[in-house]
2 protein chains.
Amino acid sequence: MTSQLPTDLQQLDAQDTLRHKRDEFSVPEDIVYLDGNSLGCLPKAVPARLAQVAQQEWGEHLIRSWTRNAEAAQDWMGLPDRVAAKLARLIGANANEVAVGDSTSVNTFKALAAAMSMAGERRVLLTDTENFPTDLYMAQGLNKLLGDTWELRSCLNTEIMEHLTPDVGALLFTEVDYRTGRKLDMKGLTARARELGILTVWDLAHSAGAFPVDLNGCGADFAVGCGYKYLNGGPGAPAFLFVAERHHDAAPVFLSGWMGHADPFEMARAYAPAAGARRYVVGTPQVLSLSALDEALNVFSDVDMHALRRKSLSLTDTFIRLMEPLTGQYPLTLVTPLNHEERGSQVSYRHPDAQQVMKKLIERGIVGDFRTPDILRFGFTPLYHRHADVERAVLGVRAVLEGQP
Amino acid sequence: MTSQLPTDLQQLDAQDTLRHKRDEFSVPEDIVYLDGNSLGCLPKAVPARLAQVAQQEWGEHLIRSWTRNAEAAQDWMGLPDRVAAKLARLIGANANEVAVGDSTSVNTFKALAAAMSMAGERRVLLTDTENFPTDLYMAQGLNKLLGDTWELRSCLNTEIMEHLTPDVGALLFTEVDYRTGRKLDMKGLTARARELGILTVWDLAHSAGAFPVDLNGCGADFAVGCGYKYLNGGPGAPAFLFVAERHHDAAPVFLSGWMGHADPFEMARAYAPAAGARRYVVGTPQVLSLSALDEALNVFSDVDMHALRRKSLSLTDTFIRLMEPLTGQYPLTLVTPLNHEERGSQVSYRHPDAQQVMKKLIERGIVGDFRTPDILRFGFTPLYHRHADVERAVLGVRAVLEGQP
């Protein structure tokens, strides 16, 4: 197949300014892995880092590692802050606005609890009928805890603007829809929300590491996101919470744990928040998983996020273009917007037998995923995908739809 | 020093039925590490397990690892449940009563939120003036979230029984005091609490893995605990939550995340709890850290917890006995009870210059820890300590107190 790669795709790969980044990952060569939006590939530096943390930091230095070599930025106490600083650059935040740890679900709880407590008499949380379920579940659980005192109002994420009404206290949306790959106008929606006094909570699960995010440029209030998709931090990697600096005094810390205390080892009886977003770190961080994420983020250190975005769009444009003939022949409907402004870093199609089609694709080594009820999802990670991979994927889809053995 | 080891200690070590377990740990030989109650030593099998999880499960099999080899109990989806089952045996619980994940702090929040919601009109949470701070902070944060609708009442943990009054809805105590090493009468207190309709939330941070715990034998309602102390799961290892089976229908899930859903991949819009304690798992588990804990728990598979307890008491008895002459000569006051029933697996002394003394001890390679305001804390882990280590520790304390260079 490689020998038949069309000249234009060969050229795109040859001109790719990010092509050297693929070498920093363990990318299985026997498959085309298009699921980095579910679990990013392993950065090659991670296993050695894990061995170092386990054998030296834990095995030899033991508890001393909590404070050891702080001046060389190697202490575990400072690790959440160092990871936060690396992440902040990717999402348009200041380092002191990001707390790293816990899961996206738990961070969503923290953000919603703070936002709804700041929303005063406005007791509507606006979210997305099609939002990723855990966001909805966490909102439901929080509301139940508070005695069902708000309305959890849903709308389609294509109709948010008209649902921004003065009774809404906060909104919770995922910038890129996990099924369709549709990217919302975070800037425009946030601006309108702020005019109306609505607090914004953005889920960046499919944004962080996929393209440049500019939380402060948008004026966002809160955001959460995931470490294991486009950030390649490993299975269940620690998640993050963004709280805009202007809210640090007013946004209450309800999950007030000792690692967010101003002086954890003072062992004071009353909680006093640490400076900045560190206060939203709760319990003892899972250092092994956090160290893997820290190492994974080093891959981004020399990456121009705008170049990353250009490559992402080139990959998804190419995929859409090569798939186009198949949509005429088979019951395959593109659901990802053609407009670049409205596209994340994945491409999705509806197909009536999507589950069966994806099963066969995976058997052929084209690893995307199926999402209920009828979505075929293909994620593109510009750090390690080539246009050649795009063509292999399309040839695989063709073969499956044609019923080739 | 070893050549001078008194015969009785030599005999105790020679007769130790658990002495082979030390070989399963990386125990630094240049120090006497008496801080396994803060961070347990590295089980030797962990680095290879981490390498396997990173390189094969993540690097090669990628998302397929979530469900791959489930029949061989190797899928990541089932990992929290498998770890829960290993842990359950150590704490006198059934496997379906334990949820593994998150931090002790977050699990304390889950337990308190459930317990106080079940406490009806009884709006007092009784806890310990001297409890580990994060327990207090999490209770404070939850109460703030709920509009300060309860009274957070404190008493000394030596005076709990007389504070069990009918206005108390739930109690939150740590079975073994992290400073004094005093072990509470969990059975008696739980029995009395149940008579009065008070729900019990036990923090087992210094109990799980240190001696046999019998939650169901005591009739406990809720418990939380830590994976990185006596369970040796690694820095910030995932924590656990116990919810007695009789409460599974009534105890609400407020941190309702997708990993606690009955069918996570159904992507349903409404939360429906999984069977048993799995419902208290929230977001995607931090698989690297969780795998280390899973491996660490294998060390316990052939351990008789009653034999472990006997050895623990022999170690702490020996330490107290050898330290006794020093308490006459120096301002050193034993604060850990002599009575076995009231002792955990640590021994603590007050000393007016405790911080300075511990600093010097650590410089000499006797690694215990200092806890404010004046506590010297020495933790004993019967899986890897010998009576010979006890003597080395006491010789170190003597040398520091005598001002030896």
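None of the figures in this text is laboratory data; all of them are computed from the coordinates on show. Quick caveat, the model's predicted, so the values are computed rather than measured. Cβ: placed from backbone, ideal geometry, glycine included. Neighbour counts: every protein chain shown.
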Fully extended, how many nm does the chain gain between residue B:263 and residue B:29 (0.36 nm per residue separation, minus their Cα-Cα distance)?
-> 79.4 nm
Reduced to Cα centres, the span from the stretch B:1-72 to the stretch A:9-45 in Å works out to 36 Å
Based on Cα positions only, what radius of gyration and what Dmax would you give for the protein assembly as shown, in angstroms?
-> 27.3, 93
For the stretch B:178-195, Karplus couplings with θ = phi - 60° (6.51, -1.76, 1.60), whole Hz, Gly/Pro x = 5, 8, 8, x, 5, 9, 7, 8, 4, 5, x, 5, 5, 4, 5, 4, 5, 4
Model label zone, residue A:19; criterion: amide N under 19 Å from point 7 Å along Cα-to-beta-carbon; scope the stretch A:381-403 = A:381-393
Within the stretch B:77-302: Cβ-based charge dipole about Cα centre, in debye rounded to nearest 20 (Lys, Arg +1; Asp, Glu -1) = 180 debye
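Could you state the orientation-averaged shadow area of the convex hull built on the Cα atoms of the stretch B:77-302, in nm² to one decimal? Walk me through the numbers on the way to the answer.
On the way: hull surface 46.5 nm².
Mean projected area of the Cα convex hull: 11.6 nm².
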Of the candidates B:225, B:55, B:347, the farthest towards the positive dipole end of chain B (Lys/Arg Cβ +1, Asp/Glu Cβ -1, centred on the Cα centre) is B:55
List the distances, in nm and shortest first, from the label point of residue B:329 to the matching label points in every other copy, placing each point 7 Å from Cα along the Cα-to-Cβ direction.
-> 9.1
Mind putting together the pair-distance distribution for chain B? All Cα pairs, 10 Å bins, whole percent per bin, short to long.
-> 5, 22, 30, 24, 14, 4, 0
Taking the alpha-carbon centre of each part, the distance from the stretch B:278-335 to the stretch A:142-167 in Å is 48 Å
Residues meeting the amide H criterion for residue A:128 (H placed from the backbone, H to H distance under 5 Å, 5 or more places apart or on another chain) are A:155
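If each DSSP helix of 4+ residues adds -39,500 (n - 2.57) and the sum is divided by the residues in the protein assembly as shown, what number results at 222 nm, nearest 500 deg cm²/dmol? Don't skip to the end; give the middle numbers.
Numbers: 22 runs with 264 residues, N = 810.
The helix contribution divided over the protein assembly as shown gives -10000 deg cm²/dmol.
Give the longest segment of chain B that steers clear of GluC sites (Glu not before Pro) in DSSP loops with at most 13 neighbouring Cβ atoms within 10 Å, not counting the sites themselves. Could the numbers behind the result be given before it?
On the way: sites that count: B:29, B:121, B:159, B:402.
The longest such stretch corresponds to B:160-401.
Would you mind checking the pairs A:229/B:229; B:86/B:229; A:110/B:110; B:311/B:359; A:44/A:360; A:144/B:229 and listing those with alpha carbons more than 23 angstrom apart? Intermediate values should be presented prior to the final figure.
On the way: A:229/B:229 31 Å; B:86/B:229 16 Å; A:110/B:110 13 Å; B:311/B:359 28 Å; A:44/A:360 29 Å; A:144/B:229 34 Å.
Beyond 23 Å: A:229/B:229; B:311/B:359; A:44/A:360; A:144/B:229.
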With residue B:258 itself left out, Lys, Arg at +1 and Asp, Glu at -1 over residues whose Cβ is under 11 Å from its Cβ give -3
For the stretch B:29-41, Karplus couplings with θ = phi - 60° (6.51, -1.76, 1.60), whole Hz, Gly/Pro x = 8, 7, 10, 9, 8, 10, 9, x, 7, 10, 8, x, 5
Estimated inter-spin distance, residue A:404 and residue A:304, nm [label 7 Å along Cα→Cβ] | 3.7 nm
Using θ = phi - 60° and the Karplus curve 6.51 cos²θ - 1.76 cosθ + 1.60, what whole-Hz ³J(HN,Hα) does each residue of the stretch A:15-20 get, with Gly and Pro shown as x?
-> 8, 5, 6, 9, 5, 5
Additional length obtainable on full extension of the chain from residue B:60 to residue B:149, 0.36 nm per residue less Cα span = 26.9 nm
May I ask for the Kirkwood hydrodynamic radius of the stretch B:310-368, worked out over all distinct Cα pairs and given in angstroms to one decimal?
-> 12.3 Å
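How big is the charge dipole of chain A about its Cα centre, in debye rounded to the nearest 20, if each Lys and Arg gets +1 on its Cβ and each Asp and Glu gets -1 on its Cβ?
Details: 40 positive and 50 negative charges, 43 e Å.
I would put it at about 200 debye.
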Enumerate the amide H contacts of residue A:343 below 5 Å, restricted to partners 5 or more residues apart or on another chain; note that Pro and chain-start residues carry no placed amide H.
-> A:183
Using a label position 7 Å from Cα in the Cα→Cβ direction, what is the ascending list of nm distances from residue A:48 to the same site in the other copies?
-> 2.3
Net charge near residue B:141, counting Lys/Arg +1 and Asp/Glu -1 over other residues with Cβ under 12 Å of its Cβ?
-> +1
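Placing unit charges on C-beta atoms (Lys and Arg positive, Asp and Glu negative, everything else neutral), compute the dipole magnitude of the protein assembly as shown about its Cα centre in debye, rounded to 20. Before the final figure, lay out each step's value.
Values: 80 positive and 100 negative charges, 58 e Å.
For this selection, approximately 280 debye.
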Options A:98, A:292, A:280, ranked by Cα towards positive dipole end of chain A, top entry (Cβ charges) | A:292
Taking K and R as +1 and D and E as -1, what net charge do the other residues with C-beta under 12 Å from the C-beta of residue A:129 add up to?
-> -2
Taking the Cα-to-Cβ direction at residue B:159 and at residue A:272 and moving 7 Å from each Cα, how far apart do the two end points lie in nm?
-> 2.6 nm
Which distances, in nm and shortest first, link the residue B:363 label point to the same label point in every other copy, taking 7 Å along Cα→Cβ?
-> 7.1
Positive-end residue, the protein assembly as shown charge dipole about Cα centroid, Cβ charges, pick of B:77, A:240, A:170 | B:77
If one puts a single equal scatterer on every Cα of the stretch B:114-176 and applies the Debye formula without solvent, what log₁₀ I(q)/I(0) results at q = 0.16, 0.22, 0.27 Å⁻¹?
-> -0.47, -0.89, -1.27
Taking amide H positions as placed 1.01 Å from N in the peptide plane, with prolines and chain starts having none, which residues 5 or more places from residue B:42, or on another chain, fall under 5 Å of its amide H?
-> B:26
